[in-house]
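The next block holds one structure in the form of structure tokens; read it before the comments.
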Amino acid sequence: MSTSETIPAGIPKCPTGIRGLDEITYGGLPRGRPTLICGGAGAGKTLLAMEFIVRGARDFGEPGVFVAFEENTDELAANVSSLGFDLPAMVEQQKLALDYVRIERSEIQEAGDYDLEGLFVRLAVAIDGIGAKRIVLDSLEALFAGLPNEAILRAELRRLFSWLKQRGLTAIITAEQGQGTLTRYGMEEYISDCVIFLDHRVADQIATRRLRIVKYRGSVHGTNEYPTMIDETGLSVLPISSLGLDYGVSNERIATGVAALDAMFGGQGYYRGSSILISGTAGTGKSSFAAAFADAACQRGERCLYLAYEESAAQIVRNMGSIGFDLQRWVDEGRLRFHAVRSTLFGLEQHLVTIHKLAAEFRPDCVVMDPVTNLNAVGGDAEITAMLTRVIDYLKQSGITAMFTSLTSAGLVIEQTDVGISSLMDTWQLLRQDDMAGERKRLLYVLKSRGMAHSSEVRQFRLTEEGIRLEEAQ
Amino acid sequence: MSRHPRAKEWELRLYIAGKTQRAVTAFENLQRICEEHLAGSYQIEIIDLLETPKLAKGDQIVAVPTLVRRLPEPVRKIIGDLSNTERVLVGLDIRPRGRTVTSGESHAGSHE
């Protein structure tokens, strides 16, 4: 075994330039070796491969050849033009070569022994023409459908991969997922250096994409299924769980937006960068506390991102106006940004990626997710907890204070319903309504707040035209 | 390399990559079959991809040897060393002349 195989750091890597992928592979694909990308139809194999070539040529100065067996070059160029990739221009500049290899089974008759030297010659022409360092074969499996003799094909594939290695090319080979196997024609037999699996599943009519590194010889790599998204900038992979519990903590305290509530937290409010959960049944005033929190942040001159999963931005602004919060003013000043979307529109991964992107773009100091329980519609409890873990890790890493509201069902023991996500939270505030002496009273108490003395009182509060009013403790 | 001066009804191209034994076998088989079935009305052009690699793209050559029937249309391709005469005839869409000719009989000597 060579030293490069025993020392992970010794393996040279070839960056893909794809967001997140280079992080979970610790630098990219194995340089000078073939990587297999497999997955079902529509999983994003061709896109990943194309980004590898385009970004390689554009951002890393490594010309690349894209050999397509299924789509012609015009189709390829059209498919990625929406990502801002101008393939014809790059071909013109000799940074990239596209070659469409068409194998039509119905036109071909086999009559005796043959080899694939014709393909080798074609690849050599394309590679040498631009001095390519990268190559994509998308997908070689088309050969199995197009050529009759599988024994010859398999021998020639082996020869092809060692030929590519000899030439020092970093290659991506794509292959269709088989029934119960990684690939339909067992391509994983030939490519042992790196295998990446792309998954695209639809559950309850909601599509989610994931990426997993099945193996990566001689290199450490993330082993999870990573949420993946395709948008107008291409593919992105979220390396969230690579984050550990090693973020810095702040001693700074920030206002809750309700003076009397600050007092319940030792007179100073929440910790900056902490996560706060507000649970309650319907109509207990969760969104009102969220609005108070957002309003306070904007008053301090900070920026707040408000992710609304139940109501439109306009409706929240109107409703909160009725209890004295002028949120529109902050929106106009650019301090408050609403992102209102029905949770059922996307899968959890997509929500996750959206939060990342919005946070990276808007750089908020505070984030509100109202309500996180609405995400129940698109995932099970375990999945939501996993996603929230990722969100919280990410926000904490960035020092962002986050407030989550959670709708609990009436009649259940409230402390139990949110037990899954509550362990992720630093502060847990409960709201409830009680009928007492013919009057419905709103009650609030702090169930926990890590790292600070906090009140154990149950306080009554009112929603007034001047905001949230806590009654004096009795 | 056999070229005929006048236009032929059958225009055939044989793609090879270097003068390998397989390439030679393919050419011999092709000539024999043509003489037997298409005498006087065919022309064969041999293209060695090691000498003119760029030509592989035009006829979408992947395997070698590949025989391409350019005329009569439609274009058809036969891959391999052409040792299976029956399949070559089917591939070229030539009706075999009677059953006296089999692939086992040697006509290799009847070059032009």
Subset of segment A:100-109 (residues that are more than 7 Å from chain B (Cβ to nearest Cβ) and not small (G, A, S))
A:Y100, A:E104, A:R105
Kindly indicate whether A:Q109 is open to solvent by 70 Å² or more (accessible area, probe 1.4 Å) and not small (G, A, S).
no
Just checking, which of A:A97, A:A49, A:A57, A:A124 is within 14 Å of chain B (Cβ to nearest Cβ), in contact (Cβ under 8 Å) with a residue 12 or more places away in the chain and either crowded, with 21+ Cβ neighbours inside 10 Å or part of a helix (DSSP H, G or I) (or both)?
A:A97
What pairs come up if the first residue lies in segment B:42-67 and is more than 9 Å from chain A (Cβ to nearest Cβ), the second is open to solvent by less than 30 Å² (accessible area, probe 1.4 Å) and of a type in the set (S, T, N, Q), and their beta carbons are under 7 Å apart, counting only those six or more places apart or on different chains?
B:I44/B:S2
Qualifying position, being within 19 Å of A:H454 (Cα to Cα) and either part of a helix (DSSP H, G or I) or open to solvent by less than 50 Å² (accessible area, probe 1.4 Å) (or both), among A:S288, A:S236, A:S279:
A:S279
Say whether the condition of being open to solvent by 20 Å² or more (accessible area, probe 1.4 Å) and either within 11 Å of another protein chain (Cβ to nearest Cβ) or hydrophobic (A, V, I, L, M, F, W, C) (or both) is met by at least one residue in segment A:131-141.
no
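Which of the residues spanning segment A:391-401 are open to solvent by 40 Å² or more (accessible area, probe 1.4 Å) and either basic (K, R) or not in a helix (DSSP H, G or I) (or both)?
The first filter runs over segment A:391-401 and keeps only residues open to solvent by 40 Å² or more (accessible area, probe 1.4 Å), leaving A:394, A:397-398.
Matches in segment A:391-401: A:S398 only.
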Among the residues of segment A:142-158, count how many are buried (at least 20 other Cβ atoms within 10 Å of the Cβ) and part of a loop (DSSP other than H, G, I, E, B).
1
Can you name the condition, by its number, that A:Q109 falls short on among (1) within 28 Å of B:V68 (Cα to Cα); (2) among the polar types (S, T, N, Q); (3) in a helix (DSSP H, G or I)?
(3)
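The values are calculated or read from the model by the stated rules, or taken from the named source; none is laboratory data. Quantities reported herein were computed from a predicted structural model and do not represent experimental measurements. Note that we place each Cβ from the backbone using ideal geometry, even for glycine, and neighbour counts take in every protein chain shown. The accessibility values were calculated without ligands, DNA or RNA, using every heavy atom of the protein model including side chains. Shrake-Rupley method; radii C 1.70, N 1.55, O 1.52, S 1.80 Å.
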